[in-house]
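Report on the following structure.
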Amino acid sequence: MIFHSLNKSRQALGIMILLSAFLCLQAGHSFAKQTPGELVNWSSDEGIARFERAEKVDFFRLANFFEAQNNKIYCGVASSVIVLNALRVRNGEHQARKPLADTVLSEADRQYIPKPFTPFFDRYTQDNIFTDQAKSKLEILGKPYKREGSDKEVKDGGLQLAQLQKLLQSHELVVTKKVAGEQHSIDEFRKDLKTNLASKDDYILVNYTRKVLGQAGGGHISPIGAFDEQSDSILVMDVNSNKADWVWVSVSLLYDAMNTFDTLENRGYLLISEK
């Protein structure tokens, strides 16, 4: 009886060890699925090492004109402002094309400023970037509108990829839209990253969903500042500094985050330059 009990105990212990190992493997598999290509904070030791060896020609102009989004809806607006100012502020022939940033002070604020002096700069802001040729400020904020070719009113705040393209094109920029998925592969995305981030005066904006990155929130838009070939990762300069830091994301993970449906088509990225 004693030996029988010992055998039963050993069998039970063996089953428990196997079960524990199985659960650990499952937990590890689940974790790997949730966090493929772990996000790396750009100010961490690893983040700094990646930045030092990365292709990052675009970063310095983007960083110089970087600004956080003014509200929870304006990620596309803020990203567009950063790129437009990076392209046109103190840039010769394009200097005169910028609007006057005169919306930051009220009439009451201006009463003590002597005329004809103006304290305002010619630059793009998250208030003066809107045009008649693109989705309006109120429509971005949620006002119902009619899509092209339809009489039905819809309400969708923010900017989809095609709408972001149209906003930037309305400022006479060359904007190439790349939709992730069947139209444009991850290999094409990686090639575009290498080419764009190695040359001046052209930029990339990415439209992705945060959930795939393991972040809280939904669809988001931000500029790309650098590409590290060794780790196959890119620096996302997140415009929502109230929610997230700049992070290095693996190319495959960001591509998966772009390869998600948004209203009419998948998300993706824009390649932007002057005409």
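Which value, in Å², gives the accessible area per residue of the chain when a 1.4 Å probe is used on the protein heavy atoms?
55
Go ahead and estimate [θ] at 222 nm for the chain from helices alone: -39,500 (n - 2.57) per DSSP H run with n ≥ 4, summed, over the residue count, rounded to 500.
Calculated from helices alone, the mean residue ellipticity at 222 nm is -11000 deg cm²/dmol.
Could you compute the net charge surrounding Ser170? Neighbours are other residues with a C-beta less than 15 Å from the C-beta of Ser170; K and R count +1, D and E count -1.
+3
Could you check the spin-label model distance between Glu67 and Arg90? Points 7 Å from the Cα along Cα→Cβ, value in nm.
That separation, rounded to one decimal, is 1.7 nm.
Length gain on complete extension for the stretch Asp127 to Ala108, per 0.36 nm per residue less the alpha carbon to alpha carbon distance?
Separation in residues times 0.36 nm, less the Cα-Cα distance, equals 5.0 nm.
Quick one: which residues, 5 or more positions from Ser222 or on another chain, have an amide H under 5 Å from its amide H? H modelled 1.01 Å from N in the peptide plane, none for Pro or chain starts.
Residues meeting the amide H criterion: Val206.
Grab the other residues whose beta carbon is less than 10 angstrom from that of Pro99, score K and R as +1, D and E as -1, and report the net.
0
Please work out the Cα convex hull volume for region 121-275 and give it in Å³ per residue.
Enclosed volume per residue, from the Cα hull, is 137 Å³.
May I ask you to list the lysines whose Cα is less than 28 Å away from that of Lys155, ignoring any residue fewer than eight positions away on the same chain?
Lys72, Lys135, Lys137, Lys143, Lys146, Lys166, Lys177, Lys178, Lys211, Lys243
Looking only at Leu62, Leu138, Leu205, which one moves most when the chain is put into a Gaussian network model with springs between Cα atoms under 10 Å?
Leu138
Compute the long axis of helix 2-34 from its Cα atoms, compare it with the longest principal axis of the Cα atoms of the chain, and write down the angle in degrees, 0 to 90, nearest 10.
Around 10 degrees separate the two axes.
Return the single residue from Glu229, Glu93, Glu139 with maximal mean-square fluctuation; model: Gaussian network over the chain, springs between Cα atoms under 10 Å.
Highest fluctuation of the listed residues: Glu93.
The chain: Rg/Rh from Cα coordinates, Kirkwood Rh?
Result: Rg/Rh = 1.15.
Just the C-alpha atoms of region 64-178: what Rg/Rh do they give, with Rh taken as the Kirkwood radius?
The Rg/Rh ratio comes out at 1.02.
Would you tell me the accessible area of Phe130, worked out with a 1.4 angstrom probe on the heavy atoms of the protein chains, in Å² to the nearest 10?
40
Considering the chain as a Gaussian network with a 10 Å cut-off on Cα pairs, which listed residue, Pro223, Pro114, Pro99, attains the greatest mean-square fluctuation?
Its mean-square fluctuation being the largest, the pick is Pro114.
The values are calculated or read from the model by the stated rules, or taken from the named source; none is laboratory data. No experiment lies behind these values; they were computed from the predicted model shown. Glycine also receives a Cβ, built like all others from the backbone with ideal geometry; neighbour counts cover every protein chain displayed. Ligands, DNA and RNA are stripped out before the accessible areas are found, and what is left, the full protein with its side chains, is counted by its heavy atoms. Shrake-Rupley method; radii C 1.70, N 1.55, O 1.52, S 1.80 Å.
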